[in-house]
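The values are calculated or read from the model by the stated rules, or taken from the named source; none is laboratory data. Remember, predicted model here, so these are calculated numbers, not experimental data. Every residue, glycine among them, receives a Cβ derived from its backbone with ideal geometry; neighbour counts consider all protein chains shown.
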Amino acid sequence: MLSFRFFLPAVLFTGLAFCAVAQNKASSQQWVPSVFFIGEHEHAFEKLVKDYNTLLFTVCDNSMELTHDNWTLFLKDIENFAATQNVDLKGTKYWFNVFWNKDGTIDHIAFYPKPNSRNMNYEDIKVMLTNFVRVYQSPIKSKSKFSHYGSASFPIFTKASLAKEK
C-alpha cells in the first residue's frame, strides 16, 4: 500500500507535466493572421523573423538602390490598392515588416502606425492590407523566403529609378 501512495502522485505529476508541455507547444504553433500589429503576436513574430532571415537587400543583390526601388514600388502598390478599396492613406505613417514567400507572394505583414501618423481607424488598414496580401504578387523571386523591415509615409512621392534599367 505504501508504494501505491507514492506511485499515484508520481503518475499524476507526470501526466500534468506532459499536458503543460503539450499546451505550450500548441500555443507556440498557433495560427497567425496574414496581417497583424507589431507587438500583437510576439512569439509568432519572433519565429517569423527567424524563418524569413534572408533580407530584401540580399535578394536585390546587395544593392541599396535596387532595394529602395523595390520597396518604393511595393509601397506604391499598397497605395494604389488602398485607393481601389476607398481607403485614404494620405498623412499616415507606418513601420512595416513584410514576410515574402519564395514565389513573391506575401505570407505576413506586421505593421504599426508611427506616433506622428494621421489618426484613423487602423483596423480598416488591417482589413485593407489583408485583402492586399490575398492578391499581391511581387515580381521578385528568391531561393528562400525573405523579409524587409522599413517605414512608409503616404502618399508616396518618390519615383523609383529601377537601378536595373540604368
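Sort through Tyr122, Tyr112 and tell me the only one that's over 18 Å from Tyr149 (Cβ atoms) and in contact (Cβ under 8 Å) with a residue 12 or more places away in the chain. Break it down into steps so the answer makes sense when it comes.
Working: Tyr112 fails: over 18 Å from Tyr149 (Cβ atoms).
Going through Tyr122, Tyr112 in turn, just one is over 18 Å from Tyr149 (Cβ atoms) and in contact (Cβ under 8 Å) with a residue 12 or more places away in the chain: Tyr122.
Give segment 78-98 a look and list any residue that's part of a helix (DSSP H, G or I) and in contact with a helix residue (DSSP H, G or I) (Cβ under 8 Å, 6 or more places away or on another chain), or say none.
Within segment 78-98, Ile78, Phe81, Ala82 meet the criteria.
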Give the residue, chosen from Ala83, Ala44, that is out of contact with any Asp or Glu (no Cβ under 8 Å at 6 or more places or on another chain), under 24 Å from Asp124 (Cα atoms) and without any contact (Cβ under 8 Å) to a residue 12 or more places away in the chain. Ala83
May I ask you to say which residue of Tyr149, Tyr136 is modelled with pLDDT of 95 or more, under 22 Å from Leu48 (Cβ atoms) and surrounded by 16 or more Cβ atoms within 10 Å (Cβ to Cβ)? Tyr136
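To keep it simple, each residue is scored yes or no on (1) modelled with pLDDT of 95 or more; (2) closer than 24 Å to Ser144 by Cα.
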residue: Phe18; (1), (2): no, no
residue: Asn24; (1), (2): no, no
residue: Val32; (1), (2): no, yes
residue: Ile38; (1), (2): no, yes
residue: Thr67; (1), (2): yes, yes
residue: Thr84; (1), (2): yes, no
residue: Trp95; (1), (2): yes, yes
residue: Thr105; (1), (2): yes, yes
Regarding segment 107-125, can at least one residue be identified that is small (Gly, Ala, Ser), surrounded by fewer than 16 Cβ atoms within 10 Å (Cβ to Cβ) and assigned to a strand (DSSP E or B)? no
